[in-house]
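Undergrad: Quick one: the structure is below, questions incoming.
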Amino acid sequence: MKCIHCRSEDVVKMGKQPTNGSPRCKCNSCGKTFQTTYKNNGATPQTKQMIITMALNGSGIRDTARVLGVSVNTVLSVLKKHKNSKST
């Protein structure tokens, strides 16, 4: 298994999610944790990246939500977090 953040193979199991029981992993290289499977489509890193890409290409919030099958609130949340991470 590889880390979804840094692609390192130095990954260990780190328990389960309390809400849905899906397994969590921790990367010993970058120190970040991640889930092996996602039940929520809006939580996947690929969906988050698509939201940012679509926003940069001029797609509206509602259009992005409809195309990706997530809520408008999810799109807004991802864009706000992306904006805050770029400004610091």
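Undergrad: So, of the residues in segment 40-87 that are of a type in the set (Val, Ile, Thr) and more than 27 Å from residue 24 (Cβ to Cβ), which turns out to be most open to solvent (accessible area, probe 1.4 Å)?
TA: Going through the qualifying residues, I end up with 67.
Undergrad: On to the next question. Applying the selection to segment 23-59, what residues are polar (S, T, N, Q), at pLDDT below 85 and in contact with a strand residue (DSSP E or B) (Cβ under 8 Å, 6 or more places away or on another chain)?
TA: Scanning segment 23-59 gives 35, 36, 37.
Undergrad: A follow-up question, please. Here is a check on your reading of the model: is residue 25 in contact with a Cys (Cβ under 6 Å, 6 or more places away or on another chain) and open to solvent by less than 90 Å² (accessible area, probe 1.4 Å)?
TA: no
Undergrad: Looking only at segment 1-22, which residues are farther than 18 Å from residue 45 by Cβ and exposed (fewer than 12 other Cβ atoms within 10 Å of the Cβ)?
TA: Once the filter is applied, which keeps residues that are farther than 18 Å from residue 45 by Cβ and exposed (fewer than 12 other Cβ atoms within 10 Å of the Cβ), segment 1-22 yields 12, 13, 15, 18, 19, 21.
The values are calculated or read from the model by the stated rules, or taken from the named source; none is laboratory data. Keep in mind that this is a model prediction, so the values were computed, not measured. Neighbour counts are summed over all protein chains in view; Cβ atoms, including those assigned to glycine, are modelled from backbone coordinates with ideal geometry. Calculation scope for accessible area: heavy atoms of the full protein, side chains included, ligands and nucleic acids excluded. Shrake-Rupley method; radii C 1.70, N 1.55, O 1.52, S 1.80 Å.
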